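This report refers to the structure that appears directly beneath it.
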Amino acid sequence: MEKKIELLKKIINDSSYTVMLGGSGMMKEGGYQGLKSPEQAYETEKKYGLSPEDIFTTVFYNNRTEQFFDFYRTEILGNIPQVTESAYVAARMEAAGKLQCIIDSNVYDLPQRGGCKHVISLHGSIYHNQCPHCGREYPMEYIRDSEKIPRCENCGRVIRPGVSLYGEMLDSSIMSEATRQVEQAEVLMLMGTSMESEVFSKYVRYFEGKKLVIIHKDEHFMDEKADLVILDEPKNILPRLGF
């Protein structure tokens with residue numbers, strides 16, 4: 001392991017442009033398994049009589065709004081993961097000029113809460129919500145503390161959570177910027193995710209840099225394509241880099 005840590009230090013120090021991809025493993029190490037985990041899916045079916053893929057959708061938001069927000073408050077806002085050392089180390093790497101961008105697949109602003117500045121949140125954020133009619137913005141607490149359906153104080157319309165729901169197209173400008181960052185990267189670090197991730201595989205294919213690094217506790221057959229693989233949680237590895 002020590003040899004791998006030393007190699008990782010060298011890869012990062014030699015790089016002029018490093019980009020991190022933060023996957024669901026970053027959320028899991030903070031204490032939340034996510035909607036798609038087997039345990040969560042089972043509990044959701046048991047509690048609501050429907051799967052997360054049925055509830056966490058635009059159709060459900062539009063047609064069964066009160067039930068949608070009951071689910072959203074309980075399962076999404078009620079399970080906010082803790083910021084781990086991974087995010088704090090990433091922020092120190094960024095401040096030292098050794099990390100240029102984080103592309104995050106989670107909706108809990110983990111890198112930002114750890115102090116990172118240059119973050120692309122692919123699926124939005126629970127902390128930035130908006131009225132779809134007048135554009136007024138609302139914090140996470142407004143939805144969390146509302147009774148039944150949170151409505152805009154200006155126009156009375158239902159507030160739209162600032163996260164992507166299942167089946168929705170991602171913002172094309174965000175996708176383009178994420179692609180540009182991966183193309184520009186000299187080193188690409190996959191944190192808590194794999195090359196075949198449902199979210200990140202489409203971006204990894206644009207990487208033409210020097211070194212591909214994976215830090216993830218789950219082994220994957222595609223790992224052999226990486227230059228360095230460390231099978232552990234990022235929170236156990238990044239603090240050993242000395243930032």
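The values are calculated or read from the model by the stated rules, or taken from the named source; none is laboratory data. Model, not experiment: these values are computed from the prediction. For neighbour counting, all protein chains shown are included, and Cβ atoms are generated from backbone atoms with ideal geometry for every residue, glycine included.
Give the number of residues within region 40-67 that are in a helix (DSSP H, G or I), out of contact with any Phe, Trp or Tyr (no Cβ under 8 Å at 6 or more places or on another chain) and surrounded by fewer than 16 Cβ atoms within 10 Å (Cβ to Cβ).
11
Could you tell me whether any residue of region 11-27 is in contact with a Lys or Arg (Cβ under 9 Å, 6 or more places away or on another chain), surrounded by fewer than 19 Cβ atoms within 10 Å (Cβ to Cβ) and farther than 25 Å from Met169 by Cα? Give the steps one after another, and end with the answer.
Step one: of region 11-27, the residues in contact with a Lys or Arg (Cβ under 9 Å, 6 or more places away or on another chain) are 11-15, 18, 24-26.
Then keep just the ones that are surrounded by fewer than 19 Cβ atoms within 10 Å (Cβ to Cβ); that gives 13-14.
Cutting the leftovers down to farther than 25 Å from Met169 by Cα gives us 13-14.
Checked region 11-27: at least one residue is in contact with a Lys or Arg (Cβ under 9 Å, 6 or more places away or on another chain), surrounded by fewer than 19 Cβ atoms within 10 Å (Cβ to Cβ) and farther than 25 Å from Met169 by Cα.
Which of the residues spanning region 140-172 are modelled with pLDDT of 95 or more, out of contact with any helix residue (DSSP H, G or I) (no Cβ under 8 Å at 6 or more places or on another chain) and among the hydrophobic types (A, V, I, L, M, F, W, C)?
Within region 140-172, Cys152, Cys155 qualify.
Taking region 142-164 on its own, how many of its residues are assigned to a strand (DSSP E or B) and of a type in the set (S, T, N, Q)? Steps first, answer last, please.
Keep residues of region 142-164 that are assigned to a strand (DSSP E or B), which gives 151, 158, 160, 163.
Next, from what is left, pick out any that are of a type in the set (S, T, N, Q): none.
Of the residues in region 142-164, 0 are assigned to a strand (DSSP E or B) and of a type in the set (S, T, N, Q).
Please indicate, with yes or no, whether at least one residue in region 126-141 is in a helix (DSSP H, G or I), touching a residue at least 12 places away in the same chain (Cβ under 8 Å) and closer than 19 Å to Tyr72 by Cβ.
Here is the first cut: in region 126-141, the residues in a helix (DSSP H, G or I) are 140-141.
Then keep just the ones that are touching a residue at least 12 places away in the same chain (Cβ under 8 Å); that gives 140.
Going one step further and asking which of them are closer than 19 Å to Tyr72 by Cβ, we end up with 140.
Yes, that holds for at least one residue.
Considering only region 68-87, how many residues are in a helix (DSSP H, G or I), surrounded by 15 or more Cβ atoms within 10 Å (Cβ to Cβ) and of a type outside the set (A, V, I, L, M)? Let's see the steps before the verdict.
Start the filter on region 68-87 by keeping residues that are in a helix (DSSP H, G or I), which leaves 68-79, 85-87.
Next cut, surrounded by 15 or more Cβ atoms within 10 Å (Cβ to Cβ) only: 68-73, 75-77, 79, 85-87.
This time we only want the ones that are of a type outside the set (A, V, I, L, M), so: 68-73, 75, 79, 85-86.
Count: 10.
Inspect all residues belonging to region 144-155 and state whether any of them is in contact with a Ser or Thr (Cβ under 7 Å, 6 or more places away or on another chain) and within 16 Å of Asp104 (Cα to Cα).
Step one: filter region 144-155 for residues in contact with a Ser or Thr (Cβ under 7 Å, 6 or more places away or on another chain), giving 149.
Subset that is within 16 Å of Asp104 (Cα to Cα): none.
No, that holds for no residue.
Could you look through region 199-214, keep only residues that are outside any loop (DSSP other than H, G, I, E, B) and more than 15 Å from the chain's Cα centre (by Cα), and pick out the one that is farthest from Leu21 (Cα to Cα)? Reasoning before the result, please.
To start, the set of residues in region 199-214 that are outside any loop (DSSP other than H, G, I, E, B) comprises 201-204, 211-214.
From what's left, more than 15 Å from the chain's Cα centre (by Cα): 202, 204, 211-214.
Details: Lys202: 12, Val204: 9, Lys211: 14, Leu212: 11, Val213: 10, Ile214: 10 Å.
Looking at residues that are outside any loop (DSSP other than H, G, I, E, B) and more than 15 Å from the chain's Cα centre (by Cα), I get Lys211.
Would you pick out the residues in region 190-218 that are acidic (Asp, Glu) and more than 17 Å from Ile237 (Cα to Cα)? Please lay out each step first, then the result.
Initial filter on region 190-218 (acidic (Asp, Glu)): 196, 198, 208, 218.
Across region 190-218, the qualifying residues are Glu196, Glu198, Glu208.
Out of region 1-25, which residues are part of a helix (DSSP H, G or I) and modelled with pLDDT of 95 or more? Please lay out each step first, then the result.
Kept after step one, since they are part of a helix (DSSP H, G or I), are these residues of region 1-25: 2-14, 24-25.
Answer for region 1-25, where residues must be part of a helix (DSSP H, G or I) and modelled with pLDDT of 95 or more: Lys3, Lys4, Ile5, Glu6, Leu7, Leu8, Lys9, Lys10, Ile11, Ile12, Asn13, Asp14.
Test Lys36 against the stated conditions and say whether it is part of a loop (DSSP other than H, G, I, E, B), among the charged types (D, E, K, R) and either within 30 Å of Ile12 (Cβ to Cβ) or in contact with a strand residue (DSSP E or B) (Cβ under 6 Å, 6 or more places away or on another chain) (or both).
Working: part of a loop (DSSP other than H, G, I, E, B): yes; among the charged types (D, E, K, R): yes; either within 30 Å of Ile12 (Cβ to Cβ) or in contact with a strand residue (DSSP E or B) (Cβ under 6 Å, 6 or more places away or on another chain) (or both): no.
It is false that Lys36 is part of a loop (DSSP other than H, G, I, E, B), among the charged types (D, E, K, R) and either within 30 Å of Ile12 (Cβ to Cβ) or in contact with a strand residue (DSSP E or B) (Cβ under 6 Å, 6 or more places away or on another chain) (or both).
Which pairs do you get when a residue that is over 24 Å from Glu186 (Cβ atoms) and touching a residue at least 40 places away in the same chain (Cβ under 8 Å), found in region 218-232, comes within reach of a residue that is polar (S, T, N, Q) and not in a strand (DSSP E or B), reach meaning Cβ atoms under 9 angstrom, with the pair 6+ apart or on two chains?
The qualifying pairs are Asp218/Ser194.
Check whether at least one residue in region 195-208 is over 27 Å from Leu77 (Cα atoms), small (Gly, Ala, Ser) and surrounded by 20 or more Cβ atoms within 10 Å (Cβ to Cβ), and report yes or no. Let's see the steps before the verdict.
Step one: of region 195-208, the residues over 27 Å from Leu77 (Cα atoms) are 195-196, 201-208.
Of the ones still in play, those that are also small (Gly, Ala, Ser) are 201.
Going one step further and asking which of them are surrounded by 20 or more Cβ atoms within 10 Å (Cβ to Cβ), we end up with none.
No, region 195-208 contains no residue that is over 27 Å from Leu77 (Cα atoms), small (Gly, Ala, Ser) and surrounded by 20 or more Cβ atoms within 10 Å (Cβ to Cβ).
Looking at (1) in contact with a Ser or Thr (Cβ under 9 Å, 6 or more places away or on another chain); (2) touching a residue at least 40 places away in the same chain (Cβ under 8 Å), which is the one condition that is false for Lys4?
Going through the list (1) in contact with a Ser or Thr (Cβ under 9 Å, 6 or more places away or on another chain); (2) touching a residue at least 40 places away in the same chain (Cβ under 8 Å), Lys4 breaks only (1).
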